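Just below is one structure, and these are the notes that go with it.
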Amino acid sequence: MEKTDLSAFASEKGIKYFLINYTDLFGVQRAKMVPAAAVAGAQKNGAGFAGFASWLDMSPADSDLIAMPDADSVIQVPWRPELAWVASDLMMDGVPVRQGPRDVLRALTEHAAGLDIQIKTGVEPEFFLLTPQGDAVSDPTDTNIKPCYDQDAILRRYDVIAEICDHLLTLGWEPYQNDHEDANGQFEINWKYDDALRTADKHAFFKFLVKSVAQNHGYKATFMPKPFANLTGNGCHVHLSGWSLKSNANLFLDQDDEDGLSGMAKQFLAGVLHHARAMSAFTNPTVNSYKRLAPGTTTSGATWAPNTVSWTGNNRTHMVRVPDAGRIEIRVADGVANPYLLQASMIAAGLSGIADKMTPPARSDFNMYTHKDSQIPVLPSSLTEALSALEDDARFQTMIGDEMATAFLKLKHDEWAAYLQHYSVWERENCIDL
């Protein structure tokens, strides 16, 4: 299929500048702004970066990191239409950078394609709208104990939420609902599922969109997993299914199965559960992530986050839910998960389950917030525990990419060491006189 010509795109759409974008291992978006008059050269030769300047396992002595724009990912920025955003794959010295998050995801989707499987996913990213300082929710009257779906509260932020949704409509993403979520000041916007790589591109752009629109309205948007101790955290639930590239049939669907899942789907599900603890290093990649997953409650009465490696039907207290026939919902991920490594980690785990012909444990229909069962594994309780689980899971590392896993572990261990050197207010208030 012929690639989009970025110069022609600029002429047709009135684009003055392109953001040649890539996402590093920590999920930070990096970009160079290239004028439309120079974009043909960037499309052919890429845009050069110093890899050590972002969160990649590189040094100042390394060659230039070249971001090669995937022209088919180009998006005209709706709130600044003279600007376009385009996701890139990473090269160095003429070869792909195997620790590049988008390159990792692309490799996994190509591996799946070789099995006649196209993974389609949809994400449910939650976010808070805060004051410009980021220390309180933006709406001081949003104080209900159970604020989820609060009609008045979402209308008080109508201008922000409607503008975001309008932009998604303009982009043709087919958004279908917006809601006030379970925490005060928290919102969620959903759009139609897509190929996993395109969903990741859209997820990355969505975070850019939300932060930009919020800032333009005088607010700060955050996807931080647990910005407030007493409130529900920001999750990013992922709905996932597998489709035949040849027939476009849903390979995860079996209407005769009690759960509506095919044998392949259950093997995929088994892989996700088997590798869940290692996978959590990517789905929950920060120190703060594990405060969202911690057992307990919130002002509203529930965390809405899992803490066990378990699956169920239509029950939101488990790590994996089957909300409908032919798809699964993985509920463990949070708002700061790298959009590309989020998808890659789930696909790597699931494809491992298919390749190894795994069988999932028995479905559980208990309320896992109150049910106690020592036979059901628990998710990691800290970032360091998740990193240890990743180190111990050689099969998962190989599936997701050994080079990327090694780089990620190195940088995240450094982050954990920096965290251990931090002296908190809690320690000063509770430990100083002991």
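Against the list (1) in the same structural domain as Phe282 (by TED's automatic domain parsing); (2) surrounded by fewer than 17 Cβ atoms within 10 Å (Cβ to Cβ); (3) within 23 Å of Arg102 (Cα to Cα), the condition Asp414 fails is (1). Candidates are the residues of region 91-103 that are hydrophobic (A, V, I, L, M, F, W, C) and either touching a Ser or Thr at 6+ places or on another chain (Cβ under 9 Å) or under 15 Å from Trp55 (Cα atoms) (or both); the one that is surrounded by the fewest Cβ atoms within 10 Å (Cβ to Cβ) is Met92. For the residues Ser345, Ser352, the requirement of being surrounded by 24 or more Cβ atoms within 10 Å (Cβ to Cβ) and either in contact (Cβ under 8 Å) with a residue 24 or more places away in the chain or over 13 Å from the mean Cα position of the chain (by Cα) (or both) singles out Ser345. Is it fair to say Asp64 is on the phi < 0 side of the Ramachandran plot, under 22 Å from the mean Cα position of the chain (by Cα) and either surrounded by 15 or more Cβ atoms within 10 Å (Cβ to Cβ) or not assigned by TED's automatic domain parsing to the domain that holds Phe252 (or both)? For Asp64, the condition - on the phi < 0 side of the Ramachandran plot, under 22 Å from the mean Cα position of the chain (by Cα) and either surrounded by 15 or more Cβ atoms within 10 Å (Cβ to Cβ) or not assigned by TED's automatic domain parsing to the domain that holds Phe252 (or both) - is not met.
Within region 273-302, the set of residues being part of a loop (DSSP other than H, G, I, E, B) and over 19 Å from the mean Cα position of the chain (by Cα) comprises Ala294, Pro295, Gly296, Thr297, Thr298, Thr299, Ser300, Gly301, Ala302.
Taking first residues from region 204-215 that are closer than 15 Å to Leu19 by Cβ and partners that are part of a helix (DSSP H, G or I) and not hydrophobic (A, V, I, L, M, F, W, C), the Cβ contacts under 7 Å between residues at least 6 apart in sequence or on separate chains come to Ala204/Pro339; Leu209/His167. Run down Ser388, Ser374, Ser364 and say which single residue is in contact with a Ser or Thr (Cβ under 9 Å, 6 or more places away or on another chain) and either within 12 Å of Ala281 (Cβ to Cβ) or outside any helix (DSSP H, G or I) (or both). The unique qualifying residue is Ser364.
When we screen Ser63, Ser7 for residues that are in a loop (DSSP other than H, G, I, E, B), among the small types (Gly, Ala, Ser) and at pLDDT 95 or above, the only hit is Ser63. Residues that are without any contact (Cβ under 8 Å) to a residue 12 or more places away in the chain and of a type in the set (A, V, I, L, M, F, W, C) were ranked within region 22-52; the one that is surrounded by the fewest Cβ atoms within 10 Å (Cβ to Cβ) is Ala37. Return the residues of region 310-342 that are assigned to a strand (DSSP E or B) and in contact (Cβ under 8 Å) with a residue 24 or more places away in the chain; say none if nothing qualifies. Across region 310-342, the qualifying residues are Trp311, Thr312, Val320, Val322, Pro323, Asp324, Arg327, Ile328, Glu329, Ile330, Asp334. The residues of region 10-21 that are in contact (Cβ under 8 Å) with a residue 40 or more places away in the chain, more than 29 Å from the chain's Cα centre (by Cα) and either loosely packed, with under 13 Cβ neighbours inside 10 Å or not in a loop (DSSP other than H, G, I, E, B) (or both), listed by number, are Ala10, Lys13, Gly14. Taking the listed residues Arg363, Arg331, the one that is touching a Pro at 6+ places or on another chain (Cβ under 9 Å) and either charged (D, E, K, R) or at pLDDT below 95 (or both) is Arg331, with no other qualifying. Restricting attention to region 324-344, does a residue exist that is over 23 Å from Asn184 (Cβ atoms), touching a strand residue (DSSP E or B) at 6+ places or on another chain (Cβ under 7 Å) and acidic (Asp, Glu)? Checked against the condition, which is being over 23 Å from Asn184 (Cβ atoms), touching a strand residue (DSSP E or B) at 6+ places or on another chain (Cβ under 7 Å) and acidic (Asp, Glu), region 324-344 yields at least one hit. The set of residues in region 107-130 that are more than 19 Å from Thr232 (Cβ to Cβ) and outside any helix (DSSP H, G or I) comprises Leu115, Asp116, Ile117, Gln118, Ile119, Lys120, Thr121, Gly122.
The values are calculated or read from the model by the stated rules, or taken from the named source; none is laboratory data. Everything numeric here is computed off the predicted structure, so don't read it as measured data. Cβ sites come from the backbone with ideal geometry, for glycine too, and all protein chains shown count toward neighbours.
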